[in-house]
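The values are calculated or read from the model by the stated rules, or taken from the named source; none is laboratory data. Remember, predicted model here, so these are calculated numbers, not experimental data. Reconstructed Cβ throughout: ideal geometry from the backbone, glycine too, with neighbour counts over all protein chains shown. Heavy atoms of the whole protein, side chains included, go into the accessibility calculation; ligands, DNA and RNA do not. Shrake-Rupley method; radii C 1.70, N 1.55, O 1.52, S 1.80 Å.
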There are 2 protein chains.
Amino acid sequence: MKVGFVQNNPLFGSITNNLARMASVLAEQSADLFVLPELFTTGYQFLDREEACRLAEPIPDGLTTQTLVSLARNINTTIVAGIAEREGDAVYNSALMVGPKGYLGKYQKAHLFDSEKKIFAPGTTPLEVFDTGIARVGIMICFDWRFPETARTLALKGADIIAHPANLVLEHCPEAMITRCLENRVFIVTADRVGIEERIEGQPLKFIGQSQVVTPDGDILYRASVDQEEFKVLEIDLHQARDKRINSLNHLFEDRREDLYRIE
Amino acid sequence: MKVGFVQNNPLFGSITNNLARMASVLAEQSADLFVLPELFTTGYQFLDREEACRLAEPIPDGLTTQTLVSLARNINTTIVAGIAEREGDAVYNSALMVGPKGYLGKYQKAHLFDSEKKIFAPGTTPLEVFDTGIARVGIMICFDWRFPETARTLALKGADIIAHPANLVLEHCPEAMITRCLENRVFIVTADRVGIEERIEGQPLKFIGQSQVVTPDGDILYRASVDQEEFKVLEIDLHQARDKRINSLNHLFEDRREDLYRIE
């Protein structure tokens, strides 16, 4: 199957503009799964919770989800994309999934990074694996990478691929995702952004790009630049992820020693 | 405190020789904790279980443990070292810990790699943290790295430092240990070996060296060569490992979402 990502540099707050640019890029491409960055329509550095609330959208009824539903139908693909979500009075840092047949589901970021805690509510959705008809796809968002249980839980629930929308500022993540792939034998598609935001004076945020597709053997199929908008589509073989053996005697899941992992 | 490792190239089966060489290296050094490689007295590639059984020693009553007990007392240090252990009828791939006051404990490798499964029994000891009086030290052995739960369990049980005797053949481990440090905010001292063993014709094993000390911030304080015997002693600050905050709002353990990690 073919998987792709878009690495963008959104203009803060210009939802319709950022969405239209993304849609025009995707409309020209062909893949079975596209992953877009975290908060791809709004940008990242909200001044406060009220601003995020104003720019957030309901899922699936908001403009972004509905636009992506149409797009996914038109180009016959599945899309995972990060947006600010408004649900009742709460704002979440969420990712939605849509496919050729419509809306598939959402995930609300469980591990909020730094000042995101002042803006967003921690996620209430489970770590869930969605069946696109072609692949079983789990979702994690950006800083979720730092907690090994996130990818582990998705892998144990059957994910072949982890879609990983991100707005990375911590340098270690791209390399750490190799470990996440090796320990779980999954593919991970990280869709990051580039550019700098300094909406809060003295607090510039530089996003590190390096969107990538990593295989269950820890090979980087492609890693994007640190500062350019890019898209990439790559062929992957899901059998690699579905076979958890790493040699004739080791099976990554069957070898787990759950009897030893419990903390008293 | 000071931590050190020795990277060796043992002569297969020459326990007294390998042990004497190691003791002579350590006798000249000064550190609060030394980590020695996996199976450092015997070498790695046993022909069969019987051979391993013949070369294995009881812990703590065997020659190696008793020699290291004396050495640790003489140079006032704690030593973690990997050896083949005979316990009743079983042979384990184990690591022992001794300090200035004597024997402290042992760990039997939980996740056996490849043909080790034909030689050793899987470990029956818990993932345990030992208090040396200076630091809380957990032990994992070589391939245990591939399972995130190993380091996670030791860290959640309070390890400041994970002593990691190894005989590495998989190229990804040295980089993966950076992820293990970052996700747990622990120090990891990996003591690996170098050299090639081909006791089974057509099955040469090349050990990759690169013993290293990595900090809770993912910095490699020192990484040894891929092919030379080496020892190294480094100063570390345990406070780094005892503070699980990575910024004013994120605490690596308090931010864990155990409610989401359970597999139904």
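General remarks:
- Calculated from backbone phi, Karplus (6.51, -1.76, 1.60) coupling profile of the range B:117-131 in Hz, x at Gly/Pro: 5, 7, 9, 9, 8, x, x, 10, 7, x, 6, 10, 10, 9, 9
- Environment charge of B:Gln7, counting only residues whose C-beta is closer than 13 Å and scoring Lys/Arg +1, Asp/Glu -1: -1
- Restricting attention to the protein assembly as shown, close to 65% of DSSP beta bridges with both partner residues there are antiparallel.
- Degrees between helix A:173-184 axis and first principal axis of chain A (Cα, 0 to 90, nearest 10): 40 degrees
- Altogether, the Stokes-Einstein calculation at 4 °C and 1.567 mPa s, with the Kirkwood radius of the protein assembly as shown over Cα pairs as Rh, returns a diffusion coefficient of 53 µm²/s.
- Accessible-area order (highest first, 1.4 angstrom probe) of the listed residues B:Cys53, A:Cys181: B:Cys53, A:Cys181
- Computed [θ] at 222 nm, deg cm²/dmol, the protein assembly as shown (DSSP H ≥ 4; -39,500 (n - 2.57); rounded to nearest 500): -7000 deg cm²/dmol
- In the complete set of protein chains, residue-level accessible area for A:Asp259 is approximately 90 Å², probe 1.4 angstrom.
- Rh (Kirkwood; distinct C-alpha pairs) - the range B:121-214, Å: 13.9 Å
- Taking the range B:90-106 and a reference point 7 angstrom along Cα→Cβ of B:Arg49, the backbone N atoms nearer than 17 Å belong to B:90-94.
- Summing Cβ point charges (Lys, Arg +1; Asp, Glu -1) relative to the Cα centre of chain B gives a dipole of roughly 420 debye.
- The mean sequence separation of alpha-carbon pairs under 8 Å and at least six residues apart, normalised by the residue count of the range B:180-264, gives a relative contact order of 27 percent.
- Between B:Tyr222 and A:Asp243, the modelled label-to-label distance comes to 4.2 nm, taking each label 7 Å out from Cα in the direction of the beta carbon.
- On the principal axes of its alpha carbon atoms, chain A extends 54, 46, 35 Å, with the longest extent given first.
- Within straight-line reach of B:Lys206, meaning a Cα separation under 15 Å, sit the following aspartates and glutamates at least 8 residues removed in sequence or on another chain: B:Glu38, B:Asp114, B:Glu171, B:Asp192, B:Glu197, B:Glu198, B:Asp227, B:Glu229.
- Charge dipole of the protein assembly as shown (Cα centre as origin; +1 on each Lys and Arg Cβ, -1 on each Asp and Glu Cβ, all else neutral): 400 debye, rounded to the nearest 20.
- Counted charge near A:Ile119, where neighbours are those whose Cβ lies closer than 13 Å (Asp, Glu -1; Lys, Arg +1): 0
- The range B:192-264 versus the range A:197-264: alpha-carbon centroid distance in Å: 18 Å
- The mean sequence separation of alpha-carbon pairs under 8 Å and at least six residues apart, normalised by the residue count of chain A, gives a relative contact order of 19 percent.
- For the segment B:250-262, counting C-beta atoms of other chains within 10 Å of every residue's C-beta and taking the mean gives 5.
- Charge tally around B:Ile246: other residues with Cβ under 12 Å, Lys/Arg +1 each, Asp/Glu -1 each, net -2.
- In the range B:2-242, a dipole from Cβ-located charges (positive for Lys and Arg, negative for Asp and Glu) runs towards its positive end, and of B:Phe113, B:Gly123, B:Thr41 it is B:Gly123 whose Cα lies farthest in that direction.
- Ratio Rg/Rh [Cα only; Rh per Kirkwood] for the range B:143-264: 1.05
- Pairs from the list B:Lys101/B:Lys232; B:Lys117/B:Lys232; A:Lys109/A:Lys157; B:Lys101/B:Lys157; B:Lys2/B:Lys101 with a Cα-Cα gap above 26 Å: B:Lys117/B:Lys232.
- Chain lengthening between B:Lys117 and B:Asp61 when straightened (0.36 nm per residue, less Cα-Cα): 17.7 nm
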